Amino acid sequence: MSGGNGVEDPTVTSTVAREPAMTDVARLAGVSHQTVSRVLNSHPNVREQTRLRVLAAVKELGYRPNRAARALVTGRSQLIGVIAQNSTLYGPSSLLAAFEISAALQGFAVSVHRVHELGQSSITAAVERHRDERVAGIVAIAPTASANEALAAVPAEVPLVTIDGDPERNAPMVSVDQEEGAYQATRHLLEAGHETVWHISGPPDWFDAAGRIRGWRRALHEAGAEVPPISTGDWTAASGYRAGQMLARMPEVTAVFAANDHQALGALRAMTERGRSVPEEVSIVGFDDVPEAPYYSPPLTTVRQDFAAVANATLHLLLRLMNEGSTGDTQLVITPELVRRASVQSPPGG
């Protein structure tokens, strides 16, 4: 600071704090700055305990990697492109939010191009826009069959990882084991004493819906139970309500597995309106574990997907593609968890 005569006053100390540097992170975490760099670049040869200590130091200090400097050193952009359907559905929107957090922790910015539908022309256009932005790699949240051919046409030199894509497609992908989650849900209902389980599915062109149908059928076949006809929904509570109205009229229906929690909510409403109490007369299980699930009446038994684990696995797989040009294991599958609450009990007389 200078006085009135324009001369610098040596007794005054500047109060402007500098931005934390990588060396500050290293000092707080008790590691070398090379180790910090390896953690921030998702290098595989770092112990998990060390990685967590470094990330905690990054968060505590508010350290933000200098993307411009890193781009000069590595020769690549610190921007990742994401292609996602323009949707407010819980699963895809939660995946996108989790990936943005994961990328930010590793020093990457995320550019999202939302498409009205996951078709050939819209995905091709989104890929080209991302390439114009000079992104380092692309992630596609592509849960529908219509996206499969479009993604297969993406140029091979573009690092691309798909989330929830076609499990039969031999390409880098991270997904939740939908079949296993549905199997757990159905087994839980059967083990409660129900003779069979009725299913309200998601849309037929969604890979998630198809996987959940496979898991439901597998559990019924293993138990030697009858496989009832499927009621097809569209992920909304309204479609669950419509299916629930039909199922509520059938006294033989004592257990329902809905392909997501919103459809389960609709089925709950339909059962209540028809005088079928849950879980005393009908048990219901959902899928997703939306934040409201513990507050349904009754609290909903459901299957929880670990979106943070999916996001982290996706980012690490993409970084391997960007750094090494190959990934080794290209299909990474995250196992979901059954969350038991009050919407399931033994059937009447069971």
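The values are calculated or read from the model by the stated rules, or taken from the named source; none is laboratory data. Computed from a predicted structure; not experimentally measured. Using ideal geometry, Cβ is built from the backbone for each residue, glycine included, and neighbour counts are taken over all protein chains shown. SASA here: full protein model, heavy atoms, side chains in, ligands and nucleic acids out. Shrake-Rupley method; radii C 1.70, N 1.55, O 1.52, S 1.80 Å.
Send over a whole-number figure in Å² for the accessible area per residue of the range 221-274, probe 1.4 Å.
For the range 221-274, the solvent-accessible area averages 46 Å² per residue.
Heavy atoms only, probe 1.4 Å: what % of the accessible area of the range 188-289 goes to carbon and sulfur, would you let me know? C and S atoms contribute 52 percent here. Projecting the Cα atoms of 335, 107, 315 onto the dipole axis of the chain, where Lys and Arg carry +1 and Asp and Glu carry -1 at the beta carbon, places 107 farthest toward the positive end.
The trypsin sites (Lys or Arg not before Pro) of the range 96-142 meeting both criteria, a DSSP state outside H, G, I, E and B (loop) and at most 13 other C-beta atoms within 10 angstrom of the site's C-beta, are 134.
Assuming charge only on the beta carbon of Lys and Arg (+1) and of Asp and Glu (-1), the dipole of the chain about its Cα centre is about 680 debye to the nearest 20. Summing Cβ point charges (Lys, Arg +1; Asp, Glu -1) relative to the Cα centre of the range 191-350 gives a dipole of roughly 240 debye.
Solvent exposure of residue 319, expressed as accessible area, is near 0 Å², computed with a probe of 1.4 Å over the protein chains only. In order along the range 116-126, the phi-based Karplus estimate (6.51 cos²θ - 1.76 cosθ + 1.60, θ = phi - 60°) of 3J(HN,Hα) comes to 5, 9, 8, x, 4, 5, 5, 5, 4, 5, 5 Hz; Gly and Pro are listed as x. The 1.4 Å probe gives accessible areas that order 287, 307, largest first, as 307, 287.
Looking at the square roots a ≥ b ≥ c of the eigenvalues of the Cα gyration tensor of the range 210-310, which shape do they give, rounded for a/c under 1.5, prolate if a/b is larger than b/c, or oblate?
It comes out oblate by the Cα gyration axes.
If Rh is defined by the Kirkwood formula over all Cα pairs and Rg also comes from Cα, what ratio Rg/Rh do you get for the range 158-225? For the range 158-225, the value is 1.09. Taking only the Cα atoms of the chain, the radius of gyration and Dmax are 25.0, 95 Å.
Across the range 240-350, C-alpha contacts under 8 Å between residues 6 or more apart give a mean separation that, scaled by the residue count, equals a relative contact order of 27 percent.
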